[in-house]
1. Taking just the alpha carbons, could you work out the radius of gyration and Dmax for the chain, both in angstroms?
2. Per DSSP helix of 4 or more residues, -39500 (n - 2.57); summed, then divided by the residues of the chain. What does that give at 222 nm, rounded to the nearest 500?
3. Checking the a/c ratio against 1.5 first, then a/b against b/c, what shape does the Cα gyration tensor give for the stretch 1-50?
4. What is the angle, in °, between the Cα long axis of helix 34-45 and the longest principal axis of the Cα atoms in the chain? Nearest 10 is fine, range 0 to 90.
5. Using the Cβ atoms and a cut-off under 14 Å, what net charge is assigned to the surroundings of residue 117, where Lys and Arg are +1 and Asp and Glu are -1?
6. HN-Hα J couplings of the stretch 87-103 from phi, Karplus 6.51/-1.76/1.60, θ = phi - 60°, integer Hz, Gly and Pro as x?
7. Taking amide H positions as placed in the peptide plane 1.01 Å from N, state which residues far from residue 114 in sequence (5 or more) or on other chains have amide H under 5 Å from it.
8. What accessible surface, in Å², does a 1.4 Å probe find on residue 89, ignoring ligands, DNA and RNA and rounding to the nearest 10?
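The values are calculated or read from the model by the stated rules, or taken from the named source; none is laboratory data. The model shown is predicted, which means the values in this text are computed figures rather than measured ones. Cβ placement follows ideal geometry from the backbone for every residue including glycine, while neighbour counts extend to all protein chains displayed. Just so you know, the surface numbers come from the protein's heavy atoms only, side chains and all, with ligands and any DNA or RNA stripped out. Shrake-Rupley method; radii C 1.70, N 1.55, O 1.52, S 1.80 Å.
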Amino acid sequence: MNKQFICICCPKGCIIDVTYDHDKIENIQGNSCKRGASYVQDELFSPTRMLTSTVKINNAMHKMLSVQTDKPIPKDMIFPIMKQLRHICVEAPININDIIIANILDTGVNIIATRSMEKITK
């Protein structure tokens with residue numbers, strides 16, 4: 001099978017052409033460094049992404065708190081994790097980098113706050 005990638009490892013944005021068979025790369029062309037080959041290997045066989053989203057927060061100046069994963073997650077876990085985040089509501093105060101959910105869906109990845117929010121009283 002053939003596939004083309006635009007490498008995101010550096011600002012060059014090399015166009016990389018790869019020929020592969022199930023779980024093995026047969027030929028790779030267009031990368032100007034080893035990082036490009038590694039990037040393609042990961043994207044083909046175990047793609048990951050950082051996930052950013054929001055969760056509800058009570059007693060804060062805003063109704064939503066921005067959160068993200070503390071490391072990349074498998075790409076196929078994005079929607080299951082988003083489904084779980086939809087039901088999360090935290091209480092202010094929250095500090096930046098507080099763990100909102102530890103080891104979400106047994107991925108070994110934490111959901112953390114990306115900002116602080118003080119508690120407000122009405």
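1. That works out to 19.2, 64 Å for Rg and Dmax.
2. Helices in the chain give a 222 nm mean residue ellipticity of -5000 deg cm²/dmol.
3. It is oblate, given that a/c is not under 1.5 and a/b is not larger than b/c.
4. The angle comes out near 70 degrees.
5. Charge balance near residue 117 sits at +1.
6. Working through the residues one at a time gives 9, 8, 9, 10, 10, 6, x, 10, 10, 3, 6, 4, 7, 8, 9, 8, 6 Hz.
7. Under 5 Å from the amide H of residue 114: 66, 67, 68, 97.
8. For residue 89, solvent-accessible area is about 70 Å².
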